[in-house]
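Worksheet: one structure, shown below.
A short reminder: the numbers here are calculations on the coordinates, not readings from a lab. This is a predicted model, so every value here is computed, not measured.
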Amino acid sequence: MIIYESSLEKFIENCSLNEISKVILKNAPIKGFNVSPKEMSPWENSLPFIASALDNSEIDPSVNVAIEYNFNVTKNRMDFLVYGIDEQGKDNVVIIELKQ
């Protein structure tokens with residue numbers, strides 16, 4: 001289960017408009033997530049920095065990003081994913097763990 005998923009370009013736009021937390025909160029109930037105010041702080045503090053770093057990179061803006069990927073079998077989750085297909089047609093994923 002993923003709480004937020006979009007293109008890198010849209011993610012950067014959501015962050016630059018300071019609306020990423022609002023978008024995540026809006027999606028949370030639809031995706032079956034209960035979000036506490038404590039969980040919002042890392043998003044508000046960390047995600048704009050990730051957006052800025054990725055915006056200043058050579059990464060294709062059409063790659064996908066996902067926030068809060070939960071494993072169905074366990075309670076483990078990954079904070080932030082960047083994924084797509086490289087020039088050779090191979091699937092790739094980068095996992096970023098947010099720390100406060």
Which helices, counted as full DSSP H runs in the chain, have an axial Cα extent of no less than 24 Å and a Kyte-Doolittle average of -1.0 or above? 37-55
Under 1.5 on a/c is rounded, so check that first for the stretch 1-51, then, if it is not, pick prolate when a/b is larger than b/c and oblate when it is not; a ≥ b ≥ c are the square roots of the alpha carbon gyration tensor eigenvalues. oblate
How large is the convex hull of the C-alpha atoms of the stretch 38-80 per residue, in Å³? 79
Please find, in a Gaussian network model of the chain (springs between Cα atoms separated by less than 10 Å), the residue of Ala53, Ala66, Ala28 whose mean-square fluctuation is greatest. Ala53
Per-selection Rg to Rh, the chain - Cα, Kirkwood hydrodynamic radius: 0.96
Pull out the extension gain between Glu44 and Val94, defined as 0.36 nm times the separation in residues minus the alpha carbon to alpha carbon distance; nm, one decimal. 15.9 nm
